[in-house]
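Structure first, commentary second.
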Amino acid sequence: MSLEDMDQSLLQDFLTEAGELIEQLDSDLVRLESSSESEHADLCNSCFRALHTIKGAASFLGLTAVTTFAHAAEDCLNCLRKGEIQMTPDVMDALLRSADIVRDQIEALSNGEDAPEGPQDLIDTLHALASGDDTAATDESSDPATIAIPQADELPGETLDLPAQKVDLIEFMIIDLQDYSKQLDEVFDKIGNDGTRHEAAEILEEIADNMIKTADFFELDALCDVVKLLGRIASTIDECPHDLIDETVIRLKAAKFLIDDQTEMLGKNRALNWPLDTFIERTNTLCDHKPLEDDVMKKHNDDIQQLLILDKVVTAEADATPTEAPAPVEESETDQPITETKATPEATAKTETKAEAAAPAKKTVEQTIRVEVSRLESLLNLVGQLVLNKNRVLALTRTLKDANTSNELNEDFVGAAGELDRLMGELQVSVMRTRMQPLAKLFDRYPRVIRDIARMTSKKINLQIEGKETEVDKSVLEQLADPLVHILRNSADHGVEAPEDRLTNSKPEVGTITLSAEHQGSHVRVAIKDDGKGLDREVIGNKALERGLTTPEQLAQLSDNDVFRFIFEAGFSTAEQVSDLSGRGVGMDVVRTNINKLNGSINISSKKGKGTTIEILIPLTVAIMPAMVVGVGNHTYSIPLQSILEIVRPGEEDVYSVNGQKVMRLRDTVLPLLNMRNRLNELPTENGDRFAVVVAVGGQSAGLVVDSLIGQQEIVIKPLDDAYTQGGPFSGATIQEDGEVCLILDVIELLKHTTNLGQEKAAA
Amino acid sequence: MSIENPNAIGDSAGNPNNDGTITAVSEGELLQLVSFVVGDEEFAVPILSVQEINRMMQITRVPQSPEYVEGVINLRGKIIPVIDLRKRFSMGELKDSSDARIIVVEVANRVIGFTVDRVNEVLRISSDIVDPPPSICSSISTDYIQGVGKLNDRLLIMLNLEKLFADYDMDELEQVTKNAA
């Protein structure tokens with residue numbers, strides 16, 4: 001099947017899901033390597049499931065390249081799961097690489113290309129890893145079936161006949177069914193209640209949807225029919241007449257009972273086949289909101305067994321066996337001996353924890369829907385426009401007030417405008433919130449990064465992650481990805497020492513890198529801390545001198561942290577040799593550029609021999625923010641409020657000139673002044689140069705001299721990305737109340753200019 | 001899946017495509033053009049590359065952009081650059097700007113506006129009467145000219161928008177070096 005023939009929405013779903021699964025697989029694999037005995041089985045299974053789901057969906061879509069490769073990796077993982085092969089770094093390398101390959105394949109697919117075949121050498125490796133035990137694996141997987149045969153006479157139903165590749169998965173599918181069944185119990189409670197029925201019906205529909213996939217897996221018509229019935233009830237119960245609710249609910253319970261029964265039998269490799277015709281027919285009648293004959297409705301006395309007998313699903317005597325089993329709610333208890341007969345004890349233990357963990361989790365899980373990013377983008381765009389319009393209305397209100405024609409209509413208008421302002425604020429916050437994503441999306445990738453580096457450099461590194469639930473705007477998240485990788489790489493490669501060096505310096509053999517995040521007001525603070533060898537002021541200083549970035553006199557005056565800043569210069573590297581990992585001096589430049597783009601700041605502190613901490617402070621969101629609008633010459637410009645410290649009116653006596661650079665004394669500090677009129681080639685105005693807007697970014701500060709202050713405003717940042725308009729000290733533009741465009745000053749760019757000026761002057 | 005066959009549409013409208021260039025056309029094909037005046041010359045661009053034509057509006061100057069960049073405008077929430085064609089072609093200042101318009105075009109996925117003295121008309125001409133650009137042309141580099149249409153009483157200079165708006169790299173470079181010097 002070629003890509004074009006494929007149902008695009010199905011493919012899209014697959015890609016999204018597979019992308020998430022791969023992320024999970026990746027982090028689980030890394031955890032697996034260092035996991036304890038108890039976690040081992042869980043993690044193995046979780047990896048296996050992820051890979052298997054991808055494989056299953058890929059084969060459904062006819063993506064042979066993905067299927068074949070995922071299958072090879074799955075085989076290897078399966079052996080690991082069964083304990084047939086030991087977890088070694090080599091095995092892990094192969095598995096991690098496999099995850100990468102599948103990720104590449106998925107990426108290719110989302111770019112509209114065909115998925116590349118998996119590299120043969122890796123497939124061979126995977127086979128080789130699995131092969132020693134390959135035959136054993138097949139033997140074992142067929143074992144339960146052979147064991148089950150002697151029991152066949154005693155058990156109801158037919159022997160389950162599934163293709164060999166599915167046999168391995170029965171265990172998982174049964175767990176799935178058990179999970180769903182537990183969820184059903186909760187739904188039934190809610191569905192009986194008028195208030196929660198609608199909500200419950202939606203959940204029920206979802207469960208039925210999920211279950212049908214599992215039922216399909218077993219290729220059992222009887223099971224599928226029951227599950228479909230669940231779905232049918234779910235879609236109709238909302239409008240169900242009141243007198244029929246009870247009857248419907250009891251039928252739901254009966255359906256669940258049948259499913260549980262089937263699940264139990266599946267655990268013994270048996271499949272039940274019920275004569276469901278009457279049950280389905282009567283339930284369908286209910287779904288059409290017609291009552292059943294009285295005797296059918298009353299006779300069962302709300303007893304599931306009775307109902308099933310009435311509907312001829314089970315006969316009275318065959319019924320004897322299932323009735324021994326307690327009511328469906330306690331069903332899970334009876335599940336355990338069943339799994340015991342079939343699987344290893346550790347699998348049983350897992351079944352238990354799985355089911356238990358799933359039940360409480362279900363209550364707190366919020367309902368979510370998937371929304372395309374483009375829709376959120378357009379929503380945000382609209383909100384942006386609305387904010388601008390609101391600003392305009394507020395401006396008109398002010399004009400009205402100034403016009404001093406106070407009458408009732410005017411007051412009403414002002415009131416309405418105020419309300420609009422408040423609601424807009426709320427809407428804006430809500431929309432921004434939809435775009436927030438937890439940093440875990442990024443952080444979960446990094447254990448892998450650190451692991452790879454540690455292995456390549458034969459170091460021992462432990463990565464601790466804190467606060468990964470901290471949420472930031474999606475665009476912030478994306479921009480943050482690269483910088484964090486670079487910093488972490490640096491910490492692992494240059495920061496943390498080799499184990500023997502660490503021991504001689506009486507440090508623990510295993511180095512620790514801590515990656516933490518937390519909210520700080522409207523900013524997020526991300527810190528990367530290592531306990532490595534720290535930065536060396538002298539080495540960095542000498543390198544900076546060598547590259548002409550500073551002069552010896554200047555260097556002597558700089559604080560340690562300012563000296564460390566030099567590592568962010570492009571091409572700056574103190575590494576004697578360039579390695580695969582780092583040393584080319586590009587990384588930290590990327591860090592600075594990306595953080596700057598986000599209007600963020602970055603700080604380094606380091607103690608020689610003790611370690612380095614890099615702190616990044618970024619605003620939560622980048623699309624809409626408060627700004628100060630100032631007048632320079634005949635035009636207005638916006639300065640983001642988050643970089644403004646204060647605004648002062650310097651008197652003539654405060655301003656000095658140092659080396660041609662205007663500075664002002666502000667309390668105890670000397671602040672370089674930047675005349676914005678000169679910088680922006682504006683014409684002089686009367687009464688100009690009145691205010692100094694004190695801005696600070698990343699430890700640097702300066703006073704921007706402007707002519708007038710216009711006021712604070714919410715601004716919506718529009719890119720100024722055309723080649724014609726790039727290049728000036730602007731981070732974007734915004735649209736003002738009157739519809740005119742107002743440029744946003746790029747404070748970082750402006751400050752860069754001042755330091756350059758200072759250095760040039762000093763060099764000359 | 002759309003019902004119409006895209007190929008059929010392509011065939012029936014085989015004249016100018018909307019990337020701002022006039023593709024090689026077969027004999028006698030009709031070209032739909034918008035004509036406008038800048039300085040003493042009359043120019044034309046394919047109608048399909050024109051998004052809209054606006055009256056003059058407030059243009060916000062962008063400091064440190066090339067000299068011929070008039071600034072940026074707010075086009076229904078989108079911010080687009082506006083080029084002064086007079087400055088671009090090194091012509092003098094416009095005296096009476098009452099008829100001046102901003103023509104907004106989409107060229108190679110960029111939306112750009114440019115100012116003209118006035119807009120004349122929408123016209124169809126046969127590709128037969130379009131000559132390749134002459135080797136020497138008044139003030140404009142022949143690179144920017146797609147061809148010259150000979151109408152009964154006048155000449156139409158057909159602009160190659162893609163080239164006209166694509167060679168900013170050079171100019172920008174000059175600008176930057178000038179600034180640095």
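Below is a table of values for the structure above.
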| quantity | calculated |
| --- | --- |
| Computed over segment A:624-763: relative contact order in percent, which uses C-alpha pairs under 8 Å that are six or more apart | 27 |
| Segment A:373-434 - charge dipole about Cα centre, Lys and Arg +1 at Cβ, Asp and Glu -1, debye rounded to 20 | 300 |
| Tensor-based shape of segment A:443-619 (alpha-carbon gyration tensor, a/c under 1.5 rounded, otherwise prolate or oblate) | oblate |
| Shape of segment A:17-74, Cα gyration tensor, a/c cut at 1.5 | prolate |
| Inter-chain Cβ neighbour average for residues A:627-639, partner chain, 10 Å | 1 |
| For residue B:56, residues with placed amide H under 5 Å, excluding near neighbours | B:102 |
| Segment A:442-577, relative contact order in percent, only Cα pairs under 8 angstrom and at least six apart counted | 22 |
| Violating pairs (Cα-Cα greater than 18 angstrom) within the set A:752/B:78; A:55/A:468; A:507/A:610 | A:752/B:78; A:55/A:468 |
| Other protein chain Cβ atoms within 10 Å, averaged over every residue that makes up B:29-36 | 0 |
| Cα-based shape type of segment A:8-132, given that a ≥ b ≥ c are square roots of the gyration tensor eigenvalues and the cut on a/c is 1.5 | prolate |
| Separation between Cα centres of segment B:59-87 and segment A:514-555, rounded to whole Å | 40 |
| Net lengthening on full extension, residue A:665/residue A:17 (0.36 nm per residue, minus Cα-Cα) | 227.4 nm |
| Per-residue HN-Hα couplings for segment A:726-739 [Karplus 6.51, -1.76, 1.60; θ = phi - 60°; Hz; x = Gly/Pro] | 7, x, x, x, 10, 9, x, 9, 9, 9, 8, 3, 8, x |
| Under-5 Å amide H pairs with residue B:74, H placed in peptide plane, nonlocal only | A:741 |
| Solvent-accessible area buried by pairing A with B, both sides, nearest 100 square angstrom, 1.4 angstrom probe | 2000 |
| Mean Cβ neighbour count within 10 Å, used as a protection proxy, ranking A:453-464, A:550-561 highest first | A:453-464, A:550-561 |
| Segment A:410-476 versus segment A:30-60: alpha-carbon centroid distance in Å | 28 |
| Portion, in percent, of the accessible area of segment B:106-166 that falls on carbon or sulfur, probe 1.4 Å | 48 |
| Residue A:88 accessible area, assembled protein chains, probe 1.4 Å, Å² | 50 |
| Segment A:378-494, relative contact order in percent, only Cα pairs under 8 angstrom and at least six apart counted | 27 |
| Shielding by partners - mean other protein chain Cβ count within 10 Å, residues of A:730-743 | 4 |
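The values are calculated or read from the model by the stated rules, or taken from the named source; none is laboratory data. Quick caveat: nothing in here was measured; it's all calculated off a predicted structure. As a convention, Cβ positions derive from the backbone with ideal geometry for all residues, glycine included, and neighbour counts pool all protein chains shown. Heavy atoms of the whole protein, side chains included, go into the accessibility calculation; ligands, DNA and RNA do not. Shrake-Rupley method; radii C 1.70, N 1.55, O 1.52, S 1.80 Å.
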